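J.: Have a look at the structure that comes next, please.
The values are calculated or read from the model by the stated rules, or taken from the named source; none is laboratory data. These numbers were taken from a predicted model, which means no experiment stands behind them. Methodologically, a virtual Cβ is constructed for each residue, glycine included, from the backbone with ideal geometry; neighbour enumeration extends over all protein chains shown.
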Amino acid sequence: MTAQLRIYPSKFCDILRTKDLMKHLPEEARFCSEHGEEVIISESELLPNQNGGVPFARAAFVGCCDSAIRKLNSAIIAESLKRGVPVN
Ligand SMILES: [Zn+2]
């Protein structure tokens, strides 16, 4: 089973920061408690010649189920607030 949560292009510039933040989250926030699979951010291939535009066409959180993705997102928001990073 696979679930995806699309990341909107307006948030693409935050992805690197979000990935870095995810590395510091505890395993129970990153892995599904039911299926044991890790939720990751998946990006499509890089687009050529973007000149400051979005670097890739699509990005999404990918995991085994919606609840795992929701749990990770809550943890990301909580961690962002703790660090004083704006959550948009
Ligand atoms: Zn799951």
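J.: Can you pull out the strands (runs of 3 or more DSSP E) entirely within the range 1-66 that have at least 2 residues that are free of Cβ contacts under 8 Å to residues at least 40 places away in the same chain?
T.: 40-43
J.: Go through (1) under 12 Å from the mean Cα position of the chain (by Cα); (2) of a type outside the set (A, V, I, L, M, F, W, C); (3) modelled with pLDDT of 95 or more for Asp14 and report which single condition fails.
T.: Among (1) under 12 Å from the mean Cα position of the chain (by Cα); (2) of a type outside the set (A, V, I, L, M, F, W, C); (3) modelled with pLDDT of 95 or more, the lone unmet condition for Asp14 is (3).
J.: Scan the range 61-78 and give yes if some residue there is more than 16 Å from the ligand (Cβ to nearest atom) and not β-branched (Val, Ile, Thr), otherwise no.
T.: The initial filter retains those residues of the range 61-78 that are more than 16 Å from the ligand (Cβ to nearest atom), namely 76-78.
With not β-branched (Val, Ile, Thr) added as a condition, the list becomes 78.
The answer is yes, given that some residue of the range 61-78 is more than 16 Å from the ligand (Cβ to nearest atom) and not β-branched (Val, Ile, Thr).
J.: Additional query: Please state which of the following conditions Leu81 fails to meet, knowing it meets all the rest: (1) assigned to a helix (DSSP H, G or I); (2) at pLDDT 95 or above.
T.: Of the numbered conditions (1) assigned to a helix (DSSP H, G or I); (2) at pLDDT 95 or above, the odd one out for Leu81 is (2).
J.: Given the conditions (1) within 13 Å of the ligand (Cβ to nearest atom); (2) in contact with a strand residue (DSSP E or B) (Cβ under 9 Å, 6 or more places away or on another chain), which single one is not true for Ser42?
T.: The single condition Ser42 does not satisfy is (1).
J.: Anything in the range 7-38 that is closer than 26 Å to Phe56 by Cα, of a type outside the set (A, V, I, L, M, F, W, C) and away from the ligand (no atom under 16 Å from the Cβ)? List them, or say none.
T.: Answer for the range 7-38, where residues must be closer than 26 Å to Phe56 by Cα, of a type outside the set (A, V, I, L, M, F, W, C) and away from the ligand (no atom under 16 Å from the Cβ): Tyr8, Pro9, Ser10, Lys11, Asp14, Arg17, Thr18, Lys19, Asp20, Lys23, His24.
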